[in-house]
Amino acid sequence: MTEKRRDAEGVIREWLADSAPNRAPASLKEALDSTTSQPPGRATPWPGSGGHRLLFAGRVAAAAAILAIAVSGVYLYGNGRGTSPGQGTGGPSTSPVSKASATGTASPSASTASPRPLSTIVQLPGSSWRLVSGAFPQMVSPAWAPFQPTVFELTGGASVGFVAFVPSAAVMASHRPGNAILAAFTTAGPTAPTSWETRVYQSSDGVQWAERSALPSDTATVTAVAESGGSIVAVGWTGETPTERATMWTTTDLETWRSAEPPIPAQSDTYSEVSGVAAGPSGLLAWGNAGTTSMFWSSRDGVAWTSLAWSGLPAEAPVEELFGVSDGWAIMGYLSDRAAIWHSSDGARWTRIWTGPGMSGQEGYGLGPIFKTPAGGYISFGTLGATGNPPGAPNDMLVSTSQDLLHWTISDLVHRPGWMYSFAAGPGGFVGAGQQVTGDNYGEAQYGSLGVWTSQDGRSWEAVANIPSVNSIEVLSVVGDGAHVVIAAVDQKGNLQLLVGSGLK
């Protein structure tokens, strides 16, 4: 008897269900509808395509070289994924300055009835590194949405160590008394969450984690964290595309949180989100989008936020990294064909103070994540790419140095030992993490096996040996608090793995 031929959509749907049951849409039509029905500038990036967790179409008017780098997977540095030295990470608006009002919503401390994950800690032979599995519940997110950095360092004031924001299915024993919340799932085809809670965990060493609370907002997504004046501020949004709302959460103890929505223009009421935040000498500065309009917000306490009418930047603020400096804030971003640095003392009036080299033949240059060096000054791990994409170009890392964060000199061109997506400063040097791929196969790199490399000077890199094979993994963040480095990686099912080191070896 002849076997009935299955339709192509059914075959692919089965493959998606096996590969990524929590991330796959119910049908190809749903996937296409999801990606083609976004408002202008809302295309969802492919997970792992670079350090940026969110890249809006048209945010950076990149020239051909930069676009080629981004498409080929060479554009690997991130916004918010490397630790910036400043605790962070439309044309000029003519709307009047307005203030946000905090909701005052508080999140009680963690319920003792909440299930506690059982973690497994594996010491890598002959190394200071440990692989931590099961410290957090399985992560969830809407179908095809990328996971966010998840783990952040705490290095300001009395706070030390790390904090993690883990979106997970809500349980009957909710952190919010009186609310019995169950995650809602679609019923046809592979499941995808439509509701979740974001649980907050804290660790002093990156290995042992304690659940402290849950954010007071369901469907909360955290993109960046900063500390100022004794407060810890997390920023991001609540809800799902295309109706998500920009949100900030503030706490002094990681147990009780206050949430606030920053002011946005009335005409941008379809969606808004906060992409980054940094502490400066006069408080906090955050940036994001309301509709297709770039936004900046300032706050002294992390609770009340004021929108800023900004000037001095391109029409769509090209923010790759926002960080605090001694007299204000700085932005590392891009013009049409080259990197640039802007400075502001108040977060509103920006001045371009450094412009990187433009194209040289077919080669384009870029800055990357920025870190303090042990000898003083700063170092950036950027990229060199070419429009022709010659062999080896995707593996070239451009090392630049600066004494003041504001002016940069190209120092070295280093062959990249693997696909290094994120970096951190660690005890005695630097750590990079990504996938163990030596060729130019971007698809292989995206879901390869976890790779970690260390360097004393940022130029000569050694692979961390004896890492257990962790395939189909995506690096979310690499963060350090001065004593430890934590690498957070997730598989396609939302299971988090942490690799934690207290030294370079």
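Bear in mind these aren't lab numbers, they're just calculated from the coordinates by the rules spelled out. Since the structure is predicted, the reported quantities are computational estimates derived from the model, not experimental observations. No Cβ is skipped: glycine too gets one built from the backbone with ideal geometry, and neighbour counts run over all protein chains shown.
You can think of it this way: the chain between residue 327 and residue 304 has 6.1 nm of extra reach, that is 0.36 nm per residue less the Cα-Cα gap. The calculated FRET efficiency for the pair residue 360 and residue 505, based on their C-beta separation and a Förster distance of 56 Å, comes to about 0.90.
Using r as the Cβ-Cβ distance of residue 403 and residue 121, and R0 as 56 Å, what FRET efficiency do you calculate, to the nearest 0.05? After rounding, the FRET efficiency stands at 0.85. Give the shape of segment 281-380 as rounded, prolate or oblate, defined through the alpha-carbon gyration tensor: a ≥ b ≥ c are the square roots of its eigenvalues, a/c under 1.5 means rounded, and otherwise the shape is prolate if a/b is larger than b/c and oblate if not. Taking the square roots of the gyration eigenvalues as a ≥ b ≥ c, segment 281-380 is oblate. Rounded to the nearest 0.05, the FRET efficiency derived from the C-beta distance between residue 483 and residue 375 at R0 = 25 Å is 0.85.
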